[in-house]
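First the structure, in the form of structure tokens, and then the observations on it.
The values are calculated or read from the model by the stated rules, or taken from the named source; none is laboratory data. Just so it is clear, the structure is predicted and the values come from calculations on it, not from any experiment. Please note: Cβ atoms are built from the backbone with ideal geometry, for glycine as well, and neighbour counts cover all protein chains shown.
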Amino acid sequence: MRIQLLPSTIDENGRASARQHMLTLVIDDRVTIDAGSLAFACTDTQRENIRDIVLTHTHLDHIAGLPMFIDDLFATLTEPIRIHATRVMIDILEKHIFNWSIYPSFSELSNDKGRVMEYVEYERGAAFKAAHLSFQSVAVKHDVEANGYIVSDGEMSIAITGDTGRTDEFWQVCNKTDDLRAVFVECAFPDELGGLANISCHLTPSTLKSDLEKFHNADCPVYVINLKPVYRETVIKQLTDANIPRVQVLDVGNVYEL
Ligand SMILES: [Zn+2]
């Protein structure tokens, strides 16, 4: 399985920066989890091949690149872009994004080959397919409805929390997944903003460390993502000082072959 966290921003030299404002995790250049920077940072190959987008939740940093991705492809699509989401997420997207005021309601539109976007609804906690991958959704704790996932290509699995505060169910499902090769976990805020992290349902290095005590697979690497850019260096230092086994920060833009 090939995993890439797309960049969100450019540095002063015009190159991709590690500052991660938005989340888009691309799997095998075909499927993405969330679409924060999808339209802005994907390769031409990814633009040609990605037709399935699985959402963890509807916060803007996870969907900002979705309308422009469909806009880019509108005239050339030979099949719709499929948005895999719960009814709650779909209703939010329709009400607040694809509402003809913020952007066109692409689910109502077609090009000369057919529809350009369709929702593929799943029940929270259910399993479903997206392209060649199987997804098991797991409810996590955030301030809107949000799901983590176990993702399998038939040979191995990965897990991703999406945005979450401390959670039990996600780790229970990880513990039951025998072929788990990697876990991608958020850690948005530094420890001194623990109050804000609690209110907004995010993790800090301390709460991540204690949450990981629920995860019993000692061999499975844990990659940290979703570090708020302004606190990135502080969070990395605190994660290093915490010396949590298995944990490393995922490099933005790098392709990981698992
Ligand atoms: Zn969020």
Is it the case that Ala159 is small (Gly, Ala, Ser) and over 21 Å from Leu227 (Cα atoms)?
-> no
Keeping to segment 53-67, report how many residues are more than 11 Å from the ligand (Cβ to nearest atom) and either more than 13 Å from the chain's Cα centre (by Cα) or of a type in the set (Ser, Thr, Tyr) (or both).
-> 1
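For every residue, the table says whether it meets (1) polar (S, T, N, Q); (2) in contact with a Phe, Trp or Tyr (Cβ under 6 Å, 6 or more places away or on another chain); (3) modelled with pLDDT under 95; (4) under 24 Å from Glu257 (Cα atoms).
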position: Gln20; (1), (2), (3), (4): yes, no, yes, yes
position: Asp44; (1), (2), (3), (4): no, no, no, yes
position: Ala64; (1), (2), (3), (4): no, no, no, no
position: Ile92; (1), (2), (3), (4): no, no, no, no
Restricting segment 45-59 to residues that are of a type in the set (Ser, Thr, Tyr) and in a loop (DSSP other than H, G, I, E, B), the residue that is surrounded by the fewest Cβ atoms within 10 Å (Cβ to Cβ) = Thr58
Go through segment 198-214 and count every residue that is closer than 16 Å to Tyr231 by Cα, within 13 Å of the ligand (Cβ to nearest atom) and surrounded by fewer than 23 Cβ atoms within 10 Å (Cβ to Cβ).
-> 1
Here are some residues: Ala130, Ala126, Ala139, Ala75. Which one is of a type in the set (Gly, Ala, Ser) and crowded, with 18+ Cβ neighbours inside 10 Å?
-> Ala130
Please enumerate the residues belonging to segment 1-27 that are touching a residue at least 40 places away in the same chain (Cβ under 8 Å) and among the basic types (Lys, Arg).
-> Arg2, Arg19
Among the residues of segment 160-190, the number that are farther than 16 Å from Val249 by Cβ, touching a residue at least 40 places away in the same chain (Cβ under 8 Å) and not aliphatic (A, V, I, L, M) is 11
How many residues of segment 79-89 are in contact with a Leu (Cβ under 9 Å, 6 or more places away or on another chain) and without any contact (Cβ under 8 Å) to a residue 60 or more places away in the chain? The answer is 5
Counting only residues that are in a strand (DSSP E or B) and touching a Lys or Arg at 6+ places or on another chain (Cβ under 8 Å), which one in segment 134-153 is farthest from the ligand (Cβ to nearest atom)?
-> Phe135
Out of the residues in segment 1-44 that are surrounded by fewer than 16 Cβ atoms within 10 Å (Cβ to Cβ) and among the β-branched types (Val, Ile, Thr), state the one that is nearest to Val151 (Cα to Cα).
-> Thr43
Can you find even one residue in segment 74-83 that is away from the ligand (no atom under 16 Å from the Cβ), in a strand (DSSP E or B), over 16 Å from Gly148 (Cα atoms) and touching a helix residue (DSSP H, G or I) at 6+ places or on another chain (Cβ under 7 Å)?
-> yes
